[in-house]
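Have a look at the structure below before the remarks.
The values are calculated or read from the model by the stated rules, or taken from the named source; none is laboratory data. Please read these numbers as outputs of a predicted model, since none were measured by experiment. Cβ: placed from backbone, ideal geometry, glycine included. Neighbour counts: every protein chain shown. In case anyone asks, the SASA skips ligands and DNA or RNA and just uses the protein heavy atoms, side chains included. Shrake-Rupley method; radii C 1.70, N 1.55, O 1.52, S 1.80 Å.
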Amino acid sequence: MNQTDVKQLLEQMTQDEKIAQLMQLAGFFYEGAAQRGEITGPMEDLGIEEETIINSGSVLGASGAGEVRSIQEAHLKKNRLGIPLLMMADIIHGYKTIFPVPLGISCSWNLDLAEKSAEAAAKEAAVSGVHVTFAPMTDLVRDPRWGRVMESTGEDPFLNSEFAKAFVRGFQGDNLKEDLHRVAACVKHFAAYGASEGGRDYNSVDMSERQLREMYLPAYKAALDEGCEMVMTAFNIVDGIPATGNKRLMRDILRDEWGFDGVMISDWGAVKELIPHGTASNEKEAGKLAIEAGVDIEMMTACYANNLKELMEEGQLEESLVDEAVLRILTLKDKLGLFEKPHRGADVKLEEELVFSKEHRQLSRDLAAKSCVLLKNEGVLPLGKEQKVLLVGPFASSGDVLGPWSWKGPRDEAVTMEEGMKRKIGANNVSVAAGCGIEEAVTEEQWKEIELAVKGADVIVAALGERSEMSGEGGSRADIMLPLAQVEFVRKLKRFNKPVAVVLFNGRPLDLHGVTDQADALLEAWYPGTEAGDAVADLLFGEVNPSGKLTMSFPYAVGQVPVYYNRFNTGRPQKAPHIRERYVSQYLDIPNEPLFPFGFGLSYTSFFYSNLSLSGNVVRSDESIRATVTVTNQGEYAGEETVQLYIKDEVGEVVRPLKELKGFKKVFLKSGESQEITFKINETMLRYTHSDLGYRSDAGSFTVFIGTDSENGKTAAFELELTK
Ligand code: NOJ
């Protein structure tokens, strides 16, 4: 087909057929029904006609090549114009081969591997019948109480944008029509879902448009600039208007200003949620608000299906709005080649071959090892292969290492810590005694077992963390400490006077009081995915040198939240963190600084930064300068470092962050080796959103900072001169 054919198809459609295209129902409406010779399952709750389902446009969460093919076949038999269904699903960090959660992936600062993980996820999903994934999630996050931070790539707009682009490239490739092993991407949640007040899921968001544009919008835009085909709305309100009924966001910014002409879908039930939000009094009003604001597909509720026709008949809704929405959906179907190949990549045989392939598992293992962040190490790690290990804690033998949003990833296929460690040094050298539960204190019985086992051990490895249900959607926590049973457990383990290395499995930055101070080594593993145990063992025994760096600050205490590196100064800053005087911006009881800052992560070796020099000290509109620093590996191990470039605008028309990430480079250095790392600095990197919302730079002084994390590095100064 081409665009003319698609338009002709639209002309042949009845009003009912058009409206039905705008509805998306979950797979359980269809699954099994196809085999029974019916097209659908239960419809009563939604109050929709069978006709509507026969004409519906897309399905959510159906997968498995056989199942999807039979749903599509049954659908096409009944659908008058033969318009295929779009199959959409949440392929967030892998289909069956599960990769680390996105927050973990971002800590690798490895865009290439991130892209490859999305490509592998797309391949497994596409041969299993999926056409569109509801990813990437590019919400900027600053509040670890919010359970969904694990789906994000952290607190920085620049880094979020880079990952957004990498994921879109990986999912979509560059020829969706021909490349049947890719899926269309859907960036979400538009907009600013990550700023939910108090970190409570679905909660309100209220911020200045300047802040929205400067911090929260860039990563969605980056995904779209990379060609992302779809956008999903957010559950929250923005400036008093629910995002799903927000014309300013969708019509003015997304469509008019950014020129996005792809499909916009609501989040699950979010159109109907305009009623409890209080901007619509019934489903009819909700449907009208959403379609007028720009939502094409309504997910899981039937405000459109049951009301749009009546609204048009009453002259309350312009028919052209429905036509535009349908045209966008048909266009996407055409881009995916569905009119020619309605089953697209769905292939039972290839599904067998490609899902869980050796290559995908290896990729998952490599990425997992690069995603872990070493937070502390007092001479314990790496472990020697001759050492006897006592492995304890609720994650010692647990398969709960895939993390939220791994609905197709079987836990029993995941490599546990026990399996990984035993594979590495032999079953005889690892004794396992779980000890406490996630929230249940260690019992006397369990403790006796540990006391016995510890006698033969040189080192204790404690695998601790949060159950995966403690983060993810609907997984907000007000107290983000490790559950007290586990904190207490670590304290008890210390009594043995043997080194304790803690490995953490969790979905958010935690308040690590009572753990950081007790543990001799601390490795943040997030949820590493299918190959968890092997990847962590690779790190613990030094086969891979840790290189992950945090993309979200770890608060000193939850009372500091939100805490993020690119914050503003106040009029009364502290003179220095250790100086305590009254009437400055500080807490009386804790420091202002996070426990572990953005960009932080240790290695088994150490990197030394020296000789930061600039090729000139004036940047002009059409003339960039170069900043060069020497990085030396001063330790005994070869290792990878992520060199980070930050810039501070000293005086602005509006207040400017204390530092902003503007670039990063990865360098692999052997022990004793040095390398010069160079960054280009140009005028476009110095632009920001002014009070009139204009995006431009101002002449003046800047500080460049190049370092190993957002707090430790070398600085130099330069000026920006603008041509009049
Ligand atoms: C709700 C979530 O907010 C969204 O991220 C997801 O894609 C949809 N449900 C569909 O499962």
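Name the residue from Ile98, Val348, His578 whose Cα lies farthest towards the positive end of the charge dipole of the chain, charges +1 on Cβ of Lys and Arg and -1 on Cβ of Asp and Glu. It is His578. The charge dipole of the chain, taken about its Cα centre with unit charges on the Cβ atoms of Lys, Arg (+1), Asp and Glu (-1) only, comes to about 1940 debye. Solvent-accessible area assigned to carbon and sulfur over region 430-473 amounts to 51 percent, based on a 1.4 Å probe.
Loop-resident chymotrypsin sites (Phe, Trp or Tyr not before Pro) (DSSP state other than H, G, I, E or B) in region 381-481 with no more than 12 further Cβ atoms inside 10 Å of their Cβ are absent. Bridgeable lysines around Lys659 (alpha carbons under 28 Å apart, same-chain partners fewer than 8 residues away excluded): Lys165, Lys188, Lys221, Lys370, Lys376, Lys549, Lys575, Lys648, Lys680, Lys714, Lys724. Taking a ≥ b ≥ c as the square roots of the eigenvalues of the Cα gyration tensor of region 359-492, is the shape rounded (a/c under 1.5), prolate (a/b larger than b/c) or oblate? Taking the square roots of the gyration eigenvalues as a ≥ b ≥ c, region 359-492 is oblate.
Of the residues Ser547, Gly384, Ser621, the one whose Cα sits farthest toward the positive end of the charge dipole of the chain, with +1 on the Cβ of Lys and Arg and -1 on the Cβ of Asp and Glu, is Gly384. Considering only Gln316, Ile297, Ala280, and ranking their Cα positions along the charge dipole of region 274-319 that arises from unit charges at the beta-carbon of Lys, Arg, Asp and Glu, the one farthest toward the positive end is Ala280.
In the context of the full set of protein chains, residues of the chain present 37 Å² of accessible surface per residue (probe radius 1.4 Å, heavy atoms only).
Indicate, rounded to the nearest 5 percent, the antiparallel portion of the DSSP beta bridges found entirely in the chain. Percentage antiparallel, nearest 5: 55.
Computed extension length for Arg251-Leu693: 157.4 nm, one decimal, from 0.36 nm per residue of separation with the Cα-Cα distance subtracted.
Give the percent of DSSP beta bridges with both residues in region 172-317 that are antiparallel, rounded to the nearest 5. Bridges in region 172-317 that DSSP calls antiparallel: roughly 20 percent. About the centre of its Cα atoms, region 136-281 shows a dipole size close to 260 debye [charges on the beta carbon of Lys, Arg (+1) and Asp, Glu (-1) only; nearest 20 debye].
Averaging the sequence gap over all C-alpha pairs within less than 8 Å and six or more residues apart, then dividing by the number of residues, gives region 607-721 a relative contact order of 33 percent.
Largest first, the residues Arg344, Arg467 sort by 1.4 Å accessible area into Arg467, Arg344. Separation of region 399-422 from region 501-530 is 17 Å, based on Cα centroids. If you take the Cα centroid of region 248-263 and the Cα centroid of region 584-600, the two points sit 39 Å apart. Counted residue by residue at 0.36 nm each, then reduced by the alpha carbon distance between them, the extension gain from Asp239 to Glu444 reaches 68.4 nm. Charge dipole (Cα centre; +1 on Lys/Arg Cβ, -1 on Asp/Glu Cβ; no other charges) of region 359-540 amounts to roughly 420 debye.
Of the Cα atoms belonging to region 234-323, the radius of gyration and Dmax stand at 12.1, 33 Å. Among beta bridges identified by DSSP and lying wholly in region 359-540, the antiparallel ones come to about 15 percent.
Is region 46-164 rounded, prolate or oblate when judged by the Cα gyration tensor, a ≥ b ≥ c being the square roots of its eigenvalues, rounded requiring a/c under 1.5 and prolate requiring a/b larger than b/c? Judged from the Cα gyration tensor, region 46-164 comes out prolate (a/c at least 1.5, a/b above b/c). A straight line joining the Cα centroids of region 473-499 and region 369-386 runs 19 Å.
Excluding same-chain neighbours fewer than eight residues apart, the lysines reachable from Lys77 by a Cα-Cα span under 21 Å are Lys18, Lys333, Lys341. Computed with every protein chain present, the accessible area of Ser357 is close to 10 Å² [probe 1.4 Å]. In this structure Asp206 has an accessible area near 110 Å², from a 1.4 Å probe over the protein heavy atoms. The string of couplings for region 175-189 from the Karplus curve (6.51, -1.76, 1.60, θ = phi - 60°) is 8, 4, 5, 8, 8, 6, 9, 10, 10, 6, 9, 9, 6, 8, 10 Hz, one whole number per residue in order, with x for Gly and Pro.
Computed on the Cα trace of the chain, the radius of gyration divided by the Kirkwood hydrodynamic radius gives Rg/Rh = 0.99.
Estimated from helices alone, the mean residue ellipticity of the chain at 222 nm is -7500 deg cm²/dmol (sum of -39500 (n - 2.57) over DSSP H runs with n ≥ 4, per residue).
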